[in-house]
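To keep things clear, I will list the structure first and then write my remarks on it.
The values are calculated or read from the model by the stated rules, or taken from the named source; none is laboratory data. What you are looking at is a predicted structure, and each value in this text was computed from that prediction instead of being measured. Here the Cβ is made from the backbone with ideal geometry for all residues, glycine too, and neighbour counts use every protein chain on show. Heads up: the accessible areas ignore ligands, DNA and RNA and are worked out on the full protein's heavy atoms, side chains in. Shrake-Rupley method; radii C 1.70, N 1.55, O 1.52, S 1.80 Å.
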Amino acid sequence: MLYREAGQFKTTYAADQQIFPIRQDRIAVIALLAVAFVGVPLFASEYWFSAILIPFLIFALAALGLNVLTGYAGQLSLGSAAFMAVGAYAAYNFQLRIEGIPIMLSFILAGLTAAGVGVLFGLPSLRIKGFYLAVATLAAQFFIVWCLTKFPWLSNNSSSGVISTQKLIVFGYELDRPVEKYLLVLSIVVLMAFAAKNMVRSSTGRAWMAVRDMDVAASVIGIRLMPTKLLAFAVSSFYCGVAGAMYAFCYLGSVEPDGFSLDMSFKILFMIIIGGVGSIMGSFLGAAFILLLPIFLDIALPYCADLFGLPFSSATVSHIQILVFGGLIMFFLIVEPHGLARLWQIAKEKLRLWPFPH
Amino acid sequence: MNFFLEVLIGGLLSGVMYALVALGFVMIYKASGVFNFAQGAMVYLAALSVVGCLEKGAPLWLAIILAFVIMTLFGIATEKFVLRKLVNQPPIALFMATIGLAFFIEGLAPMIFGSEPRALELGIVDEPIPWILDNWNMVISKFDLVAAGVAAVLVATLALFFQYTRVGRALRAVADDHQAALSIGIPLQHIWAIVWGVAGFVALVAGMMWGARNGVQFALTFTALKALPVLILGGFTSVPGAIVGGLIIGASEKLAEIYIPPVMQDLFGGNFGGIEGWFPYVLALLFLLVRPEGLFGERHIDRV
C-alpha cells in the first residue's frame, strides 16, 4: 500500500534516469543515511562501533570491490584479501615516507597502488578464463603476502612485517574515539558505494556485464575486452585497497601480512555469494550476514548446549561454526543462488501489489 | 651435481604426492564439470576416518575398508543433496558450493573424530635408503618411493578401470557429452555417484599417504592448495596431465626453494625462505600465459 509508484510521472529524461526512480526508495535511502549518520552515533555503544559497525562497513566495501569484479565483470578472484593488504601497507608507507601528507590523500594513493597491482595480476585474465583465472588470482594472494613478510622496507623493518598505523588526523583534527572513526569510515563507504552504483549503471557497467555474459559476443558488438577487463580489475582493487587501508587505520590499528590470508579472501567471496552476486546492496547484506553469524553462533551455541545438556567445548563450538558456515553457503546456493539481495527484490515486488495481489 | 640430483629427485617424488591429490580433482571435473575445491577437505576426512577407526581398535585393513565406505557414502550424499540440486547452475556457483562443502567437512570431520594431530602408522618408515646413500651419497626416502609406487598403481588401476569396464566406458561417455550420454540411456545420476565414490577413493589413498608422512592434522586440507597449480599446469581434464604437472611442480618448487633465496639475499639482503608457498602458482600462471589450456587440457573454441 505504501510502496507503490502509481502517480509518480517522469517528465524529464533526468528524472527518468535518476539513481532511485521511486520516491519511496529515495525517502528510505535518506532515512537510512540519517539513521546511520545521526541516529547510530547517538545510541550505539563503544563496543558496537569498534567490534561490529566499523568492520561491517569495511568488509562491505571490500565485498563491493569484489562484486564489481566478480558480479559485474564476471572475473572470479580469490585474492581480494591480498589487495586489501596492498592498500593497508601502501597507506602506511605513504604516511611514513611523505612528510605531512593528509590521511585522505594517502588512502586514495593506497587505493591507486592497489589498483596498479590489481591490473598487473589482472593481465592474465586477457588470456585465461574461468577456473584457470581463479587459480591464477591465488598467485596474487600468496605472492603479495609473502612479499610483505619478506621485504622489510615495506613494513619499516619491523619483525615479521607487523605495522602499527599512524594517528588518524583529518583536517587537523585527530580522530581517536570509535564514533569518530565510524563516521569517517561511513562517509567514505557511502561515497564509494554511490560511486559504484553509478558506475555499474553507466556505459562502463554495461560493458562489464556484456563481458561477463559472453566475452566473445561483447567484443563482436564493439566492446574492447582488454580495457574493460583491466578497468574492472583496477576499480575492484581500488575498492579493496581503500578497504584495506581503513582496515588497518580505522579498525585494527596494527596489522600483519598473515592477517590478510586466503581465509579472508574466501570470507569476502562468501559475502558476495550470500549477499548477491552482481548487486551493490547485496555486498552490504552479505557483509552483515557473514560478520554477524559468528557472533550470533558464539552467543547461541552455549545457550543451546545448556538447553539440551550437551557438553560443548570451545573447540566444538568453533567446529560447529565452520560447519554451519559451510552448510549455509551450500543452502543459499541451492535455495537462492542470487542471494539476499534477490530476496529483498522479491519482497519489494510483493510489496508493490500488497494487499491486492492481482 | 649430486646435491642437485638429490633435490631434483626429492622434488619429483613429492610432486607425486601432489599429483595424488590432483587426480581427485581431475576425476570429478572430467565427469561432471565441477571444480571440486573440497578435494583437500576430503583428503582430510579420509585420513581422519582411517585414524579414527584405528583408535576404536579396528585393524588397519578394516579401518581402510571402513574409511572407504565412509568416503563413498559421503560422496554419494554430496552428489544427492548438494550437486544434484545445483544442476543447470553456472559452473561458478558449483565451485562456490564446493568451497562451502570444504568448510562443512572441515567442521564436521574433527567433531566426529577429534581434531588433535595424530600419527598414522602404515608400516613404512620415512628414512633414507642405505644402498643409495652409500653408493651415490644421496638421501632418497623409502617412503617417497613407496608413495610413488602407490601413485603409479593407482593411475594404472584408474586407467584400466576407465578403459575396460562397463562403468568406465559410461564414465568416459558422460565426460564427453552429458546429453549424448543421457540420450543413449546412461543413468547420469548413478554415474555421478560413482564418480564421487572414486574421488573419495583417490582422496583416501592421498589422505593415507599424506597422513603417514606429515601426521593426520588440519593442515592436510591445504594439500588442495598444493594441487591447484598442478592442475592448471596439467590441464583440468587430463589424468596424465595431473601426473606430469605434479612432477614439474614438485621438482621446480624444491629447486626454487634451494636456489632462488640465496640469489635474492645477495640482491636485497634479509631472509627469503618460504618461496614454496607461491612459486608453483607463479610458475603455473606464467605457463598459462603461453598455453591457456594447460599441458594436456582440451583446447576450447568459443562460438557466438
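Side notes on the structure shown:
- Selection of first residues in the stretch A:136-165 that are within 9 Å of another protein chain (Cβ to nearest Cβ) and of a type in the set (F, W, Y) and of second residues that are part of a loop (DSSP other than H, G, I, E, B) and buried (at least 19 other Cβ atoms within 10 Å of the Cβ), restricted to Cβ pairs under 6 Å at least 6 apart or on distinct chains, gives the following pairs, ordered by first then second residue: A:F142/B:W278; A:F143/B:W278; A:W146/B:W278.
- In this entry, A:L123 passes the filter for residues that are over 21 Å from A:L191 (Cα atoms), within 14 Å of another protein chain (Cβ to nearest Cβ) and either of a type in the set (D, E, K, R) or open to solvent by 40 Å² or more (accessible area, probe 1.4 Å) (or both).
- Scanning the stretch A:290-307 for residues that are away from chain B (no Cβ under 14 Å) and in contact (Cβ under 8 Å) with a residue 12 or more places away in the chain, we see that the one that is nearest to A:L76 (Cα to Cα) is A:L291.
- Residue in the stretch B:134-155 that is modelled with the highest pLDDT, counting only those that are hydrophobic (A, V, I, L, M, F, W, C) and open to solvent by 50 Å² or more (accessible area, probe 1.4 Å): B:V153
- Single unsatisfied condition, A:L333 versus (1) free of Cβ contacts under 8 Å to residues at least 40 places away in the same chain; (2) within 13 Å of chain B (Cβ to nearest Cβ): (1)
- Checked against (1) modelled with pLDDT of 90 or more; (2) open to solvent by 30 Å² or more (accessible area, probe 1.4 Å), A:I58 passes all but condition (2).
- Any hit, the stretch A:226-241, residues being within 14 Å of chain B (Cβ to nearest Cβ), surrounded by 21 or more Cβ atoms within 10 Å (Cβ to Cβ) and within 30 Å of A:L154 (Cβ to Cβ): no
- Among the criteria (1) open to solvent by 20 Å² or more (accessible area, probe 1.4 Å); (2) in a helix (DSSP H, G or I), the one A:V277 does not fulfil is (2).
- Any hit, the stretch A:300-315, residues being surrounded by 14 or more Cβ atoms within 10 Å (Cβ to Cβ), in contact with a Pro (Cβ under 9 Å, 6 or more places away or on another chain) and small (G, A, S): yes
- Filter result for the condition that a residue is assigned to a helix (DSSP H, G or I), surrounded by 21 or more Cβ atoms within 10 Å (Cβ to Cβ) and away from chain B (no Cβ under 12 Å), over A:G326, A:G286: A:G286
- No other residue among A:G222, A:G205, A:G161, A:G172 is at pLDDT 85 or above and at positive phi apart from A:G222.
- The lone criterion from (1) closer than 20 Å to A:A248 by Cα; (2) within 13 Å of chain B (Cβ to nearest Cβ); (3) outside any helix (DSSP H, G or I) left unmet by A:L76 is number (1).
- Residue that is most open to solvent (accessible area, probe 1.4 Å) [pool: residues in the stretch B:231-258 that are among the β-branched types (V, I, T) and under 17 Å from B:A199 (Cα atoms)]: B:I243
- Residue count for the stretch A:157-191, restricted to those that are open to solvent by less than 70 Å² (accessible area, probe 1.4 Å) and either not polar (S, T, N, Q) or not in a helix (DSSP H, G or I) (or both): 21
- Residues in the stretch A:250-263 that are in a helix (DSSP H, G or I) and either touching a Leu at 6+ places or on another chain (Cβ under 6 Å) or more than 21 Å from A:F331 (Cα to Cα) (or both): A:C250, A:Y251, A:L252, A:P257, A:D258, A:G259, A:L262.
- Given (1) at pLDDT 85 or above; (2) within 13 Å of the chain's Cα centre (by Cα); (3) open to solvent by 30 Å² or more (accessible area, probe 1.4 Å), index of the condition B:P187 fails: (2)
- Restricted to helices (runs of 4 or more DSSP H) entirely inside the stretch B:167-279, those with at least 3 residues that are closer than 30 Å to A:H319 by Cα, touching a residue at least 60 places away in the same chain (Cβ under 8 Å) and more than 14 Å from every other protein chain (Cβ to nearest Cβ) are B:188-214.
- Filtering the stretch A:336-346 to residues that are assigned to a helix (DSSP H, G or I) and at the interface with chain B (Cβ under 8 Å from one of its Cβ atoms) leaves nothing.
- Pairs meeting the criteria (first residue in the stretch B:97-124 and at positive phi, second residue of a type in the set (D, E), beta carbons under 9 Å, at least 6 apart or on different chains) are B:G114/B:E55.
- Here A:G222 meets each of (1) in a loop (DSSP other than H, G, I, E, B); (2) touching a residue at least 12 places away in the same chain (Cβ under 8 Å) with one exception, condition (2).
- Test: residue in the stretch A:80-102 that is small (G, A, S), on the phi < 0 side of the Ramachandran plot, assigned to a helix (DSSP H, G or I) and open to solvent by 10 Å² or more (accessible area, probe 1.4 Å): yes
- Residue in the stretch A:174-188 that is over 15 Å from A:G253 (Cβ atoms) and among the aromatic types (F, W, Y) present: no
- The stretch B:76-90, residues that are more than 7 Å from chain A (Cβ to nearest Cβ) and either closer than 17 Å to A:I274 by Cα or modelled with pLDDT of 80 or more (or both): B:I76, B:A77, B:T78, B:E79, B:K80, B:F81, B:L83, B:R84, B:P90
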